[in-house]
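As structure tokens, the structure follows; a few thoughts come after it.
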Amino acid sequence: MIILLLGAPGAGKGTQAKILTEKYDLAHLSTGDVFRYHIKNETEIGKVAKGYIEKGTLVPDEVTCAIVKESLPLYQNRKGIILDGFPRNIVQAKALDAFCKLDCVLNIAVSEDLLLERICGRRVCKDCGASHHIKYLQGKATCQYCNGVLYQRQDDSVETAKERFAVYSQQTKPLIQFYKEKGILHTVDGNKEQDAVLVEIDKILKVLAE
């Protein structure tokens, strides 16, 4: 089973992907991990991607698609794969169709107000990197896991979050209609608590697995 996770920044894709990979014995293929793997191992496609990254320019769609295509065999030792962060636009989605068949697209829909609350309230530990939220910290400024100091990342500001939403709306949101027309889109209510969202996803995946 190959699943694509869609959702705006802060929708909880990473959290749900982590739970689903363990629960269903799936591999988690994120574009960030794939790029790091190829760059670290100095593969030919990794060298090409590194050239763009070092210049501070976006990696072209054709290079991103080529990296994912070459990486898929590395993840096929599990019962399925969760794609996270790819495809990001229609061009990449059409390219993906040529070398991989998706079984399901899970769209985690969350209101922008709640997304802003989640992102701007996030605090990260300087020592262990664990993520926390001010809603549950009860005024504490230290990590519950290692007692390290918590800080707010620059990317978690209101201005940056809104910029990321704009990019998502322009590039990635059209994928919702694209996959809806293919009949494989399933939208879940991401405004709910994490466990409730997982229950909705579980229902969808159990039907697909039958």
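Spot the failing condition for K79; the list is (1) of a type in the set (K, R); (2) in contact with a Gly (Cβ under 8 Å, 6 or more places away or on another chain); (3) in contact (Cβ under 8 Å) with a residue 40 or more places away in the chain; (4) open to solvent by 80 Å² or more (accessible area, probe 1.4 Å), and only one is missed.
Of the numbered conditions (1) of a type in the set (K, R); (2) in contact with a Gly (Cβ under 8 Å, 6 or more places away or on another chain); (3) in contact (Cβ under 8 Å) with a residue 40 or more places away in the chain; (4) open to solvent by 80 Å² or more (accessible area, probe 1.4 Å), the odd one out for K79 is (2).
Could you grab the pairs with beta carbons closer than 7 Å, sequence gap of 6+ or different chains, first residue in the stretch 147-169 and closer than 25 Å to C125 by Cβ and outside any helix (DSSP H, G or I), second one at pLDDT 90 or above and among the hydroxyl-bearing types (S, T, Y)?
From the stretch 147-169, the pairs are G148/T142; V149/T142; L150/T142.
Could you please find all residues in the stretch 74-95 being among the hydroxyl-bearing types (S, T, Y) and not in a helix (DSSP H, G or I)? It would help to see each step written out before you state the result.
The first filter runs over the stretch 74-95 and keeps only residues among the hydroxyl-bearing types (S, T, Y), leaving 75.
Answer for the stretch 74-95, where residues must be among the hydroxyl-bearing types (S, T, Y) and not in a helix (DSSP H, G or I): there is none.
Does any residue of the stretch 172-179 turn out to be part of a loop (DSSP other than H, G, I, E, B) and either in contact with a strand residue (DSSP E or B) (Cβ under 9 Å, 6 or more places away or on another chain) or charged (D, E, K, R) (or both)? It would help to see each step written out before you state the result.
We begin by selecting, within the stretch 172-179, every residue part of a loop (DSSP other than H, G, I, E, B); these are 173.
Now drop any that are not either in contact with a strand residue (DSSP E or B) (Cβ under 9 Å, 6 or more places away or on another chain) or charged (D, E, K, R) (or both), which leaves 173.
Looking for residues that are part of a loop (DSSP other than H, G, I, E, B) and either in contact with a strand residue (DSSP E or B) (Cβ under 9 Å, 6 or more places away or on another chain) or charged (D, E, K, R) (or both), one finds at least one in the stretch 172-179, hence yes.
Just checking, how many residues over the stretch 117-138 are open to solvent by less than 80 Å² (accessible area, probe 1.4 Å) and assigned to a loop (DSSP other than H, G, I, E, B)? Steps first, please.
Narrowing the stretch 117-138 to residues open to solvent by less than 80 Å² (accessible area, probe 1.4 Å): 118-125, 128-133, 137.
Then keep just the ones that are assigned to a loop (DSSP other than H, G, I, E, B); that gives 121, 128-130.
Within the stretch 117-138, residues that are open to solvent by less than 80 Å² (accessible area, probe 1.4 Å) and assigned to a loop (DSSP other than H, G, I, E, B) number 4.
If you scan the stretch 180-210, which residues turn out to be within 19 Å of G80 (Cβ to Cβ), more than 17 Å from the chain's Cα centre (by Cα) and part of a helix (DSSP H, G or I)?
K182, E200, D202, K203, I204, L205, K206, V207, L208, A209
Among residues belonging to the stretch 145-163 that are modelled with pLDDT of 90 or more and farther than 15 Å from L115 by Cα, point out the one that is least open to solvent (accessible area, probe 1.4 Å).
Per the criteria, the residue is G148.
Out of the residues in the stretch 1-29 that are out of contact with any helix residue (DSSP H, G or I) (no Cβ under 6 Å at 6 or more places or on another chain) and part of a loop (DSSP other than H, G, I, E, B), state the one that is surrounded by the most Cβ atoms within 10 Å (Cβ to Cβ).
A11
The values are calculated or read from the model by the stated rules, or taken from the named source; none is laboratory data. Every value quoted in this text rests on a predicted model; they were computed, and no experiment measured them. Neighbour counts are summed over all protein chains in view; Cβ atoms, including those assigned to glycine, are modelled from backbone coordinates with ideal geometry. Note: areas computed on protein heavy atoms with side chains; ligands, DNA, RNA excluded. Shrake-Rupley method; radii C 1.70, N 1.55, O 1.52, S 1.80 Å.
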